[in-house]
Amino acid sequence: MNAPPSIDPVTAHSDSDVVHWLINDTRDERFIDNIFAELCVRLQRAGIPVKRASLHVLINHPQWLGARIMWADGLREAEIARVDYDVRERSEYIDSPANEIHDGATEVRENLERDPSLGRKHAIYDEMRAKGLTDYVAWPLYHTLGKRHIVTFATDRPGGFDDAHIAGLLKLLPVLALVSEIRIKNRLARTLLETYVGSHAGELILAGATRRGSGTTVRAAIMICDLRDFTRISDNWPRDDVIDLLNGYFDAMSEPIARHGGEILKFIGDGLLAIFPLSQPSACANLLHAVAEARQAMVALNEKNSETGRAPLNYGIGVHVGDVMYGNIGSRTRLDFTVIGPAVNMASRLETLTKQLGRTVLLSRAFADFVESDFDLERVGEYPVRGFNDPIELFAYHG
């Protein structure tokens, strides 16, 4: 949340006003954490003594199972924590109200003022008692197609929430479900696009770049990487081992690329295609820094794999620079957001030559011109490149 909620205390005086605000006045707010924080303040102004509240949502993310949005009285903004996939195997989740809700409970309520030995033995209840909270309630928040998330409220009012408070909270749940689902699905669309096409391409697609043939010409450094002997590995290794190997290899290559401002446009079997747009003044240098870090990561990965008897992974990287067409290509109903052009073909041909010439990383003269004053390059010589008329002067990078 960017600023404290701006609320007119005259108009925020009943739970009906809160529902009206949630339905009519949140359409311009993009983020659910901002809405949730303001909701809690409005509930207080409406006479519902919320002291602490949380919203737990499941998300489709490659790294995270979900997110927890936490608000407490006095906070300027809600706090967001990501939840990883193995949380469901941990004792704090197994022994929690969230697990009860996910197992089908339609309400979890706990009187925190009574003797703890008489209630459920959830550790979170002890934490809330220590903070002076007196009552806690959790409900499922139903989204479409059977999706269930969780919302919780707690109070420090002596005697806890009364029946009118609970009725007011229940009244807003269907509206909160609709409002939260819109924001979560918007975030889901963005996450899926970032995951499958990259952050920059994802932003362009969300902004409306969805027409076949639409695109721009971008001047960029192009990097193509390919794993050696993958056919032999995939034919002889168990499927799960092959997947694990590829994931480790792609992590080693991808994380330095992202860290240095590159964008991975696609994974092609055991290869990847990435670009570093020259709109970044140090794009070519950034590419070589990424290559150096990726090579170090591959050394570490091979050492780890050797401990389990796996042979070391070998790979080749081809690098060129030039103009590429960056946009939508494909059939009428199935598009790919990618780059094409002679510069991409050149990078691919150089990657193929790495095995023939016994070099891990080959650079074209055009690329080397951008970096040779700052990096130690080995001139390999001029070689014919399939699909191009003139021999290409090549350089190796051993960083």
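Tabulated values for the structure
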quantity	calculated
Length-normalised contact order of the chain in % [C-alpha pairs under 8 Å, at least 6 apart]	12 percent
Surface share of carbon and sulfur [accessible, 1.4 angstrom probe, percent] for region 257-399	50 percent
Sites Asp251 and Asp115, calculated FRET efficiency, Cβ-Cβ separation with R0 56 Å, nearest 0.05	0.65
Mean Kyte hydropathy of -1.0 or more with a Cα span along the axis of at least 18 Å, helices from DSSP in the chain	32-45, 163-197, 239-259, 283-306, 342-357
Estimated FRET transfer efficiency when R0 is 35 angstrom, pair Ala209-Thr106 (beta carbons, to 0.05)	0.20
Listed peptides 180-190, 115-125 by packing density, highest first (mean Cβ within 10 Å)	180-190, 115-125
Relative contact order %, region 77-138, counting alpha carbon pairs below 8 Å whose residues are six or more apart	35 percent
Mean separation of Cα contacts under 8 Å, 6 or more apart, over the residue count of region 15-196: relative contact order %	24 percent
In Å, descending, principal axis extents of the Cα set of region 113-233	67, 38, 27
Under 26 Å, Cα to Cα: Lys pairs in region 15-196, sequence gap 8 or more or different chains	7
Residues Thr352 and Asn236, FRET efficiency given R0 of 35 Å [Cβ-Cβ distance, rounded to 0.05]	0.90
Per-peptide average of other Cβ atoms within 10 Å, ordering 74-87, 342-355 highest first	342-355, 74-87
19 Å cut-off, amide nitrogen to a point 7 angstrom out along Asp244 Cα→Cβ, residues in region 290-307	298-307
Shape metrics for region 210-397, restricted to C-alpha atoms - Rg then Dmax, Å	16.8, 49
Using θ = phi - 60° and Karplus 6.51 cos²θ - 1.76 cosθ + 1.60, couplings along region 102-112 (whole Hz; Gly, Pro as x)	5, 7, x, 5, 9, 6, 10, 10, 9, 7, 7
Region 293-351-region 226-278 distance, computed between alpha-carbon centres (Å)	7 Å
Shape category assigned to region 15-196 from the gyration tensor of Cα positions, a/c cut at 1.5	oblate
CD proxy at 222 nm, helix term only [per DSSP H run n ≥ 4: -39500 (n - 2.57); per residue of the chain; nearest 500]	-13000 deg cm²/dmol
Computed P(r) (all Cα pairs; the chain; 20 Å bins; percent)	22, 40, 29, 9, 0
Region 295-358, dipole about Cα centre (Lys/Arg Cβ +1, Asp/Glu Cβ -1), debye to the nearest 20	160 debye
Whole-angstrom Cα spans of region 17-97 along principal axes, big to small	41, 27, 20
Proximal charge balance of Arg30 [Cβ under 15 Å; K/R count +1, D/E count -1]	-3
Spherically averaged projected area of region 81-131 from its Cα convex hull (nm²)	4.4 nm²
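The values are calculated or read from the model by the stated rules, or taken from the named source; none is laboratory data. Note that the structure is predicted; figures quoted are calculated from it, not measured. Don't worry about glycine lacking a Cβ; one is built from the backbone with ideal geometry, like all the others, and counts go over all protein chains shown. Heavy atoms of the whole protein, side chains included, go into the accessibility calculation; ligands, DNA and RNA do not. Shrake-Rupley method; radii C 1.70, N 1.55, O 1.52, S 1.80 Å.
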